[in-house]
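Have a look at the structure below, then the notes.
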Amino acid sequence: MTWQNIIGHDRVAEQFRRAASRGRLAGSFLFVGPSGVGKRTFALALAKSLLCEKRTPQEFNACGTCPACRQLNAGNHPDFYYVAKPEDKSELPLELLIGGKEQRGRSGICYEISRKPFAGGYKIAVIDDADSLNTEGANALLKTLEEPPPHAILILIGTSAAKQLPTIRSRCKMIRFFPLETRELAQLLEQQGIAASQERAMRLAQSSDGGLELAKAFCDDSLDEIRDEFFRELSLAVPRSVPFAIKLNEFVDAAGKEAILRRKRLRLLLVMALDFYQNFGRMIERADPQQLKNRDLTPYFQNASAAYRNDVFRVNRSAYYTLEALEQIDRNVQLPYIVDVWLHNLTNG
Ligand SMILES: [Zn+2]
């Protein structure tokens, strides 16, 4: 049975149901887990369950039809706040938390949840992209996290505990979200109409590491054009650096004028590369094709085995260089430069 149609997180839902029915819900939470496993969807469902006007202490399901549920669906419930890092920023802006310079302490999410709930019940705030909180932002939250107003629930959403500042970690109750099982993710892809058939859903799920966002991104048809050539190059161990770099840069540029789109596309390619190296490494170490998560890659591993001479350290180094390149995307480094350094590192092993 799933809670509020949320696939894969029944255990977490049960934990909240029990705490809420005993009136022992904490005030500050930190949701951590890989992107695309449903943390934001879960936070919204939780808010809905808590703000639903038909809620009883035993019931933990939102009715979906009362005024509060309808306001939440429409994104205008007066007791629910959501902030996230804008796409063109690398950090969560301070004004979203405590107001801009002119209105410091009189607007922003900390101020909003300090006020009395309009509808009675709770005031709930979700701070998404908590990985991108800088020290100043984290400090601004400390007081609210430490002593949340009695009616307030603050939910921070990040990808891992390690990416949060210790001051944040120590003040929140940590809730871990695990990657979805391949079967669960496939079910979700079909349910949301992202994959047209069960077979396509399974195939996408297998290459998406338990995350919906990645699976959605892999639906980009243009990836199918470059996919085969991309993996063939990676399986050479020494990719034909210059022509390959030109090809990759062209493909990234074709994503569109906006830098965000180009960054997204390079990120996708690098995630595919990382998946390649991680699966290949697993194959060498265990030498058991049954253990592979992404079977689609198997045909490329034969060439790669010869090229890498099954040197697992070299494969791990390639994975490491790929992770480094992914981090550079987050730091807004110029994309052609990232591609150059990445290929240079791969080539020199
Ligand atoms: Zn309701």
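The values are calculated or read from the model by the stated rules, or taken from the named source; none is laboratory data. Here the structure is a predicted model, which means the values were calculated and not measured. When we count neighbours, we look across all protein chains shown, and the Cβ atoms used for this are built from the backbone with ideal geometry, even at glycine.
Just a few scattered comments:
- Total residues in segment 184-219, condition assigned to a loop (DSSP other than H, G, I, E, B) and out of contact with any Ser or Thr (no Cβ under 9 Å at 6 or more places or on another chain): 9
- Test for Gly108: is it in contact (Cβ under 8 Å) with a residue 12 or more places away in the chain and at positive phi: yes
- Test result for Ala20, within 12 Å of the ligand (Cβ to nearest atom), of a type in the set (Gly, Ala, Ser) and buried (at least 16 other Cβ atoms within 10 Å of the Cβ): no
- Any pair with Cβ under 6 angstrom, 6 or more apart, that starts in segment 165-177 at a residue that is touching a residue at least 60 places away in the same chain (Cβ under 8 Å) and ends at one that is in a strand (DSSP E or B) and of a type outside the set (Gly, Ala, Ser): Cys172/Phe29; Cys172/Leu30; Lys173/Phe29; Met174/Leu30; Ile175/Phe29; Ile175/Phe31; Arg176/Val32
- Scanning segment 112-142 for residues that are free of Cβ contacts under 8 Å to residues at least 40 places away in the same chain and closer than 30 Å to Pro57 by Cβ yields Glu112, Ser114, Arg115, Lys116, Pro117, Gly120.
- Residues of segment 163-201 satisfying the condition of being of a type in the set (A, V, I, L, M, F, W, C), over 19 Å from Asp10 (Cα atoms) and modelled with pLDDT under 90: Ile194, Ala195, Ala196, Ala201
- Counting only helices (runs of 4 or more DSSP H) that sit wholly inside segment 1-117, those with at least 2 residues that are hydroxyl-bearing (Ser, Thr, Tyr) are 39-51, 109-114.
- Filtered by the rule that a residue be more than 16 Å from the ligand (Cβ to nearest atom) and farther than 20 Å from Phe16 by Cα, segment 35-81 gives Ser35, Gly36.
- Those residues of segment 22-54 which are in contact (Cβ under 8 Å) with a residue 40 or more places away in the chain and of a type in the set (D, E, K, R), in sequence order: Lys39, Arg40, Lys48, Glu53
- Scope segment 292-335; condition of a type in the set (Lys, Arg) and not in a loop (DSSP other than H, G, I, E, B); matching residues: Arg295, Arg314, Arg317
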